[in-house]
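Enquirer: One structure is given below, represented as structure tokens, and several questions about it will come after.
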Amino acid sequence: MKESTSTHSSWSAKITRNSFRLACWTGAWILTMAAATFGPQWLWDYAPIPTVLAVITNLGTGFGMIFAHRQYLRSLDEMQQKIFLDAGSFSLGVGLVCGLGYEMLEDIKLITFQPEISHLVMLMTLAFAVAMVFGHRQYR
């Protein structure tokens with residue numbers, strides 16, 4: 001019994017550590033995205049060298065976040081991985097179907113504005129969150 005408790009607390013500590021690492025990488029990515037987006041206008045007057053450096057830093061931090069996410073997912077148990085995979089596939093499907101439909105609306109002149117990627121990102125995030133909640137409820 002003692003060994004099982006020790007194994008569970010070790011596994012739990014590993015998930016906590018990986019969650020924290022993922023949160024740090026995600027926060028850093030958000031900060032570098034803000035720097036690359038707003039820095040040229042507000043901080044360095046569209047100078048090309050700092051702008052390119054900000055974009056490269058953002059890309060590097062983004063890949064760090066991807067690897068931290070991969071490490072986090074590998075630390076989950078099979079059921080949590082399945083819930084995540086189901087939510088991810090649902091979000092990808094919603095993004096593909098709705099994104100192409102959204103773009104088509106402009107092409108066929110049913111909307112007068114240009115579709116923005118941020119709208120698609122928000123939709124996919126919402127779809128993922130809803131699918132995660134339903135997945136956790138399903139396997140309760």
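FYI, it's all coordinate maths here, none of it is from the lab. Because the structure is a prediction, the values reported are computed rather than measured. Here the Cβ is made from the backbone with ideal geometry for all residues, glycine too, and neighbour counts use every protein chain on show.
Enquirer: Taking only the alpha-carbon atoms of region 1-75, what semi-axes of the equivalent ellipsoid follow from 5 times the gyration tensor eigenvalues under a square root, in whole Å, largest first? Write out the running numbers ahead of the final one.
Expert: Details: eigenvalues 300, 18, 6 Å².
So the equivalent ellipsoid measures 39, 10, 6 Å along its semi-axes.
Enquirer: Further question: Taking only DSSP H segments of four or more residues, each worth -39500 (n - 2.57), what value at 222 nm results for the chain once the sum is divided by all its residues, to the nearest 500 deg cm²/dmol? Intermediate results must be reported in sequence, preceding the final value.
Expert: Values: 4 runs with 121 residues, N = 140.
After summing the helix terms and dividing by the residues of the chain, the value is -31000 deg cm²/dmol.
Enquirer: Starting from the Cα of I66, step 7 Å along the direction of its Cβ; do the same at S12; then give the gap between the two resulting points in nm.
Expert: With each label point 7 Å from Cα toward Cβ, the separation is 3.4 nm.
Enquirer: Here's another thing I want to ask about it. Skipping prolines and chain starts, which residues have an amide H placed within reach, meaning under 5 Å, of the one on W44, given they are 5 or more residues away or on another chain?
Expert: For W44, whose amide H was placed from the backbone, there are no distant partners under 5 Å.
Enquirer: Additional query: State the answer as a single residue: which of Y102, S9, G88 lies farthest towards the positive end of the charge dipole of the chain, with beta carbon charges of +1 for Lys and Arg and -1 for Asp and Glu, about the Cα centre.
Expert: Towards the positive end, the residue furthest out is S9.
Enquirer: To make sure I understand, if each residue's beta carbon is the centre and we count other beta carbons within 10 Å, what order do K14, K109 fall in, fewest to most? Please list the in-between numbers first.
Expert: On the way: K14 14, K109 7.
Ordered by Cβ neighbours within 10 Å, fewest first: K109, K14.
Enquirer: Let me ask something additional. Tell me which of F20, F113, F38 sits at the most positive position along the dipole axis of the chain, charges placed on C-beta atoms (Lys, Arg +1; Asp, Glu -1).
Expert: Among F20, F113, F38, the one farthest towards the positive end of the dipole of the chain is F20.
Enquirer: From Cα pairs below 8 angstrom and at least 6 apart in sequence, can you work out the relative contact order of the chain, rounded to a whole percent?
Expert: Details: 87 pairs, mean separation 32.3, N = 140.
Answer for the chain is 23 percent.
Enquirer: Take I15, I56, I108 and order them by how many other Cβ atoms sit within 10 Å, fewest up front.
Expert: Working: I15 15, I56 12, I108 7.
With the sparsest Cβ surroundings first, the list reads I108, I56, I15.
Enquirer: Classify the chain as rounded, prolate or oblate, taking a ≥ b ≥ c as the square roots of the eigenvalues of its Cα gyration tensor: rounded when a/c is under 1.5, otherwise prolate if a/b is larger than b/c and oblate if not.
Expert: Since a/c reaches 1.5 but b/c is at least a/b, the shape of the chain is classed as oblate.
Enquirer: Using 1/(1 + (r/R0)^6) with R0 = 30 angstrom and r between the beta carbons of D77 and I30, what's the FRET efficiency to the nearest 0.05?
Expert: Details: r = 28 Å, r/R0 = 0.94.
The formula returns an efficiency of 0.60 here.
Enquirer: Report ³J(HN,Hα) in whole Hz for each residue of region 102-118, in order, from the Karplus equation J = 6.51 cos²θ - 1.76 cosθ + 1.60 where θ = phi - 60°; Gly and Pro get x.
Expert: Calculated HN-Hα couplings, in order: 5, 5, 5, 4, 6, 4, 9, 6, 8, 10, 9, 9, 7, x, 10, 4, 4 Hz.
Enquirer: Taking the Cα centre of the chain as origin and charging only Cβ (+1 Lys, Arg; -1 Asp, Glu), how large is the dipole, in debye to the nearest 20? Don't skip to the end; give the middle numbers.
Expert: On the way: 10 positive and 9 negative charges, 146 e Å.
Dipole of the chain, to the nearest 20 debye: 700 debye.
Enquirer: Could you give the length gained on full extension between L85 and I108, defined as 0.36 nm per residue of separation minus the Cα-Cα distance, in nm?
Expert: Gain in length upon complete extension: 4.9 nm.
Enquirer: Using a basic spin-label model with each label point 7 Å from the Cα along Cα→Cβ, how many nm lie between F20 and I117?
Expert: 3.3 nm
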